[in-house]
1. Within 11 Å, Cβ to Cβ, of K139, how many net charges do the neighbouring residues add up to if Lys/Arg are +1 and Asp/Glu are -1?
2. Could you work out the Rg to Rh ratio of the range 101-154, with Rh taken as the Kirkwood radius (inverse of the mean 1/r over all Cα pairs)?
3. More than 23 Å apart: what percent of Cα pairs in the range 141-232 qualify?
4. Using a probe radius of 1.4 Å on heavy atoms only, what accessible surface per residue do you get for the chain? Whole Å² is fine.
5. Once Rh is set to the Kirkwood radius over Cα pairs, what Stokes-Einstein translational diffusion coefficient, in µm²/s, holds for the range 188-258 at a temperature of 4 °C and a viscosity of 1.567 mPa s?
6. Tell me, Kirkwood radius of the chain from alpha-carbon pair distances, in Å?
7. Go ahead and estimate [θ] at 222 nm for the chain from helices alone: -39,500 (n - 2.57) per DSSP H run with n ≥ 4, summed, over the residue count, rounded to 500.
8. So for the chain, taking the charge dipole from beta-carbon charges (+1 Lys/Arg, -1 Asp/Glu), which of S2, A81, A146 sits furthest toward the positive end?
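The values are calculated or read from the model by the stated rules, or taken from the named source; none is laboratory data. Computed from a predicted structure; not experimentally measured. So basically every Cβ, Gly included, is an ideal-geometry build from the backbone, and we count neighbours across all protein chains shown. These accessible areas exclude ligands, DNA and RNA; they are computed on the full protein's heavy atoms, side chains included. Shrake-Rupley method; radii C 1.70, N 1.55, O 1.52, S 1.80 Å.
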Amino acid sequence: MSPTPLERLALYFGTVRTRQGILARAALGVPGAGDLALAGELATALSAELRPDGTVGGGALPTIWRAHELLDLGRDRSDPAVAAIVAWLLDSQGRPGAYGEGCDKARHAQGVCIHWVRGFFSPAPAEIRVAPITLPNGKAFRTEPAARFAISCLGLRAAIRAGLGDHPGPRQHLDSLHHLATQWTSWSGFFAPDTIVAGLHALALGGPDRSAGVGPVVELVAAHQGPDGLWPNADLFATLDALHATGHRRARAAVRRALPALAERQRADGSFGATAQQERALIALRAFLWGHGTA
């Protein structure tokens, strides 16, 4: 009898000494005896790579992701490394190069200029090209506005996870996302599907008092799921990750419909290809557990 996708994933993550391995074993309910100590070792090593300015190599994307990694490994805002990254992130808010900066007639009409959108984090000055970038989940953004938008949404997620959801800066960013979400009514409009998914993932962490804008976006994503369980023009893993983050009933149903297509993409070793290999396997693991109602 062939192993199930979850059995393959359990074997895949069984002994790997990585952040993803620790999180996967915890999700499966089989934490390793040494995982707590391993988490401390990994966090210490990751913290040691920070520059004095709180960045990883001076780059926005690796720096923001480092905050997520440390939070996943049990660190919080009281940790010096997390605090340094968060301070750097907040200092980048609204600086030149942030998404929504400036205004012209077309962007004003779309509600994506400075008159409508504020509080985004700047990954770099406008004259420095950011795109193309690939997020840690393997999703690539090749246009400049989309790349800056996606990096900022990842930053907002880090700030909220670090306990700064009620800080004026992140709150302004979240409010701007809610404004933009009112325009996400088409899967082929001004905002590309993957951009909508990146925004949804950040909106999902906004908390119960700010969840009103999440439902309509989940409905939009669910409505454009194909008969095969996939989403046209949207990355499967990024979409599953964002839907899972919402905890929404309709999102769970959409994830469940995607599981057969996800299983078809699984390799014999439990992975889903070479791109962001462990991160995508972790996303898939969570999708299988949540979609089947075991998490």
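1. -2
2. We get a ratio of 0.99 for the range 101-154.
3. 23 percent
4. So the chain comes to 44 Å² accessible per residue, rounded to a whole number.
5. 109 µm²/s
6. 19.7 Å
7. Rounded to the nearest 500, the figure is -16500 deg cm²/dmol.
8. Farthest towards the positive end: S2.
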